[in-house]
Amino acid sequence: MSLSVGDKAPEFTLPNAKDEQVRLGDLLKDRGVVLYFYPKDETPGCIAEACSFNDNLQGFDKYGYRVVGISKDSIGSHGKFANHYHLNFTLLSDKHNEVRKLYGVTNVFLGLIPGRKTFIIDKQSIIRYIFDYQLKATLHITEAIKALSHEQ
């Protein structure tokens, strides 16, 4: 499935690092969501991306958005990752890559590495922006903030 700007974001429910079920619809009740898919906890690019999202949480908050990261790593791995880097946003475990597939986030580099893709979803569950770039992980944050600033 390939999603485009203007499409309704597919609903999902996944566990967070505390093994609580998190539903997209619940996240969207009071704020938009910057939803980013990343390959793996504790890898250089993913550390840089997560820390950059964390460093810019006030910027996203200013525009009325929360940050949520998704990878196939376990809830235990997410908990350690979040604690290690003092991440103040939600990480969700997509153990079977079902949500990744639902959002059309494919593997790259001969199908060996899970893709890196960011979606900006407004409170009405409409996709407002998509950024798909594997390298330069921190560019996802810059592009997301730029896209949100243009919506204001």
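The values are calculated or read from the model by the stated rules, or taken from the named source; none is laboratory data. Source: prediction; values computed, not measured. Virtual Cβ from ideal backbone geometry, glycine too; neighbours counted across all protein chains shown.
Miscellaneous remarks
- Pair list, Cβ < 7 Å and 6+ apart or interchain, from region 17-33 residues that are in contact (Cβ under 8 Å) with a residue 24 or more places away in the chain and part of a loop (DSSP other than H, G, I, E, B) to residues that are among the hydrophobic types (A, V, I, L, M, F, W, C) and loosely packed, with under 11 Cβ neighbours inside 10 Å: none
- Restricting attention to region 76-123, the residues being part of a loop (DSSP other than H, G, I, E, B), modelled with pLDDT of 95 or more and among the hydrophobic types (A, V, I, L, M, F, W, C) number 2.
- A single member of Ser52, Ser2 is polar (S, T, N, Q), touching a residue at least 12 places away in the same chain (Cβ under 8 Å) and in a loop (DSSP other than H, G, I, E, B), and it is Ser2.
- Considering Ser125, Ser77, the condition of being of a type in the set (Gly, Ala, Ser), surrounded by 15 or more Cβ atoms within 10 Å (Cβ to Cβ) and closer than 23 Å to Lys18 by Cβ is satisfied by Ser77 alone.
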